[in-house]
Amino acid sequence: MTRQNPQRGTQTLERTDLARPRMFRVLLLNDDYTPMDFVVMVLRRYFRQDEAQAQAVMLAVHQRGQGVAGVYTREIAETKAAQVVTHARQEGHPLALTVEPDGDA
Ligand code: TYC
């Protein structure tokens, strides 16, 4: 929530905004070429998932086209997505991710 500051005509952040930053989903997108093992490694290493969770998320993305790797503040979400793309390109994989607001936030 924001409110107008009548003295200066500027917007002031309420304390609740500082306590609860907007969150962003990092979405993994399916493709036909990135190896399943690479995607599982990504989910474990960059998104701190255990083996079972990583397998489940990878399979869901493979079957449904996309899925949530994790939810973070904007800068962390964008940094993780960029790190994963860099790693994937180094290995020659076309893996793609997007970052989108979580819920209505
Ligand atoms: N579809 C890929 C395959 O069959 C696996 C895959 C899963 C790729 C998830 C990307 O985000 C992805 N090797």
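The values are calculated or read from the model by the stated rules, or taken from the named source; none is laboratory data. This structure is a prediction, so every number in the text was calculated from the model and none was measured. A quick note on method: Cβ atoms are made from the backbone with ideal geometry, for glycine too, and the neighbour counts reach across all protein chains shown.
Of all positions in region 84-97, at least one carries a residue that is within 9 Å of the ligand (Cβ to nearest atom) and exposed (fewer than 15 other Cβ atoms within 10 Å of the Cβ). Filtering region 60-77 to residues that are in a helix (DSSP H, G or I) and within 8 Å of the ligand (Cβ to nearest atom) leaves Val61, His62. Within region 18-59, the set of residues being at pLDDT 95 or above and among the small types (Gly, Ala, Ser) comprises Ala52, Ala54, Ala56.
Would you confirm, using the coordinates I've provided, whether Ala56 is assigned to a helix (DSSP H, G or I) and touching a strand residue (DSSP E or B) at 6+ places or on another chain (Cβ under 6 Å)?
On the way: assigned to a helix (DSSP H, G or I): yes; touching a strand residue (DSSP E or B) at 6+ places or on another chain (Cβ under 6 Å): no.
For Ala56, the condition - assigned to a helix (DSSP H, G or I) and touching a strand residue (DSSP E or B) at 6+ places or on another chain (Cβ under 6 Å) - is not met.
Pairs meeting the criteria (first residue in region 24-53 and within 8 Å of the ligand (Cβ to nearest atom) and outside any strand (DSSP E or B), second residue at pLDDT 95 or above and among the basic types (Lys, Arg), beta carbons under 7 Å, at least 6 apart or on different chains) are lacking.
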